[in-house]
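The values are calculated or read from the model by the stated rules, or taken from the named source; none is laboratory data. As the structure is a prediction and not an experimental result, all values here were calculated from the model. Cβ: placed from backbone, ideal geometry, glycine included. Neighbour counts: every protein chain shown.
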């Protein structure tokens, strides 16, 4: 019976790796969307499919957590980490969906800037989360977390510049409202990336 409860039989780190890999792919799809690699609808659909797969991983992880007595790291950290990872994809999906919902046909340079920042941030997340398997390399994991914090600041700067240009140059009031919401959701995604980094850092502190 005890063998069935050991953390290695559940593979929580596998859940983290799978989810963070999807986060990278979602961000990459967002950037491809910004670059016009395909139709907007096709990109939105692909992001939605990956969001649903991320939900499945999250639900499986949480369900496994409820059934496991012994966990490799604090069970609250496991729960919070998988949920915050899911938040990143959820917010990106909501931003992409609104592009289609609002019938926006031409994407802005600021949208692309957000997509680039989110891709870099998601790559740092994946590296940091993957590093949790071996806490002997905590300094390297910390470097990835610090990079995510810097990228969140970058997201704040992009939002400020995007709103300045939007209110200064756009004359269509409805379009202003639409883009303002999309920009704010994209900035919120960078905030969610930072929330992941905060949890990883908490794991490091507890392990040190």
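Residue 106 passes every criterion in (1) outside any helix (DSSP H, G or I); (2) closer than 18 Å to residue 128 by Cβ apart from (2).
Pairs are defined by a Cβ separation below 7 Å, a sequence spacing of at least 6 or placement on different chains, a first member in segment 61-85 that is more than 17 Å from residue 19 (Cβ to Cβ), and a second member that is assigned to a loop (DSSP other than H, G, I, E, B); the pairs so defined are 70/6.
The condition of being part of a loop (DSSP other than H, G, I, E, B), free of Cβ contacts under 8 Å to residues at least 60 places away in the same chain and either more than 20 Å from the chain's Cα centre (by Cα) or within 26 Å of residue 201 (Cβ to Cβ) (or both) holds for only one of 41, 37, 54, that being 37. Criterion applied to 119, 159 was being part of a helix (DSSP H, G or I), within 16 Å of the chain's Cα centre (by Cα), modelled with pLDDT of 95 or more and surrounded by 18 or more Cβ atoms within 10 Å (Cβ to Cβ), and the one residue passing it is 119. Residue 95 falls short of the stated requirement of being free of Cβ contacts under 8 Å to residues at least 60 places away in the same chain, within 17 Å of residue 28 (Cβ to Cβ) and assigned to a helix (DSSP H, G or I). Inspection of segment 139-153 identifies no residue that is in a helix (DSSP H, G or I), touching a residue at least 40 places away in the same chain (Cβ under 8 Å) and over 21 Å from residue 21 (Cα atoms).
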